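The values are calculated or read from the model by the stated rules, or taken from the named source; none is laboratory data. Remember, predicted model here, so these are calculated numbers, not experimental data. Neighbour counts are summed over all protein chains in view; Cβ atoms, including those assigned to glycine, are modelled from backbone coordinates with ideal geometry. Just so you know, the surface numbers come from the protein's heavy atoms only, side chains and all, with ligands and any DNA or RNA stripped out. Shrake-Rupley method; radii C 1.70, N 1.55, O 1.52, S 1.80 Å.
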Amino acid sequence: MKQGDFKGELYECQLLYTQGALPARRVLITGLGKKGDFDLEKWRGASAKAGKYIRDSGIKQFAFSIRKIGIFPKVS
């Protein structure tokens, strides 16, 4: 992000090659937009955009990491 290649704009996707720094060869990052504007619908849209990117890139295997980010209300 510091180099300006990825700005984190809503639904922006960037495929990064890990060069051995992680067990995965590649990592796809998807922008979630401005923190104050983020909600569940934007999360769903970003997930869908990432899925389309993976499909259109011809990637056959992937793992989807979900990390708790603490912005969604708790569901009882």
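Annotations
- Scanning the range 26-47 for residues that are assigned to a helix (DSSP H, G or I) and surrounded by 11 or more Cβ atoms within 10 Å (Cβ to Cβ) yields LYS42, TRP43, GLY45, ALA46, SER47.
- Inside the range 1-21, residues that are in contact (Cβ under 8 Å) with a residue 24 or more places away in the chain and open to solvent by 40 Å² or more (accessible area, probe 1.4 Å) make up a count of 4.
- On the stretch given as the range 48-61, residues that are surrounded by 15 or more Cβ atoms within 10 Å (Cβ to Cβ) and free of Cβ contacts under 8 Å to residues at least 40 places away in the same chain total 3.
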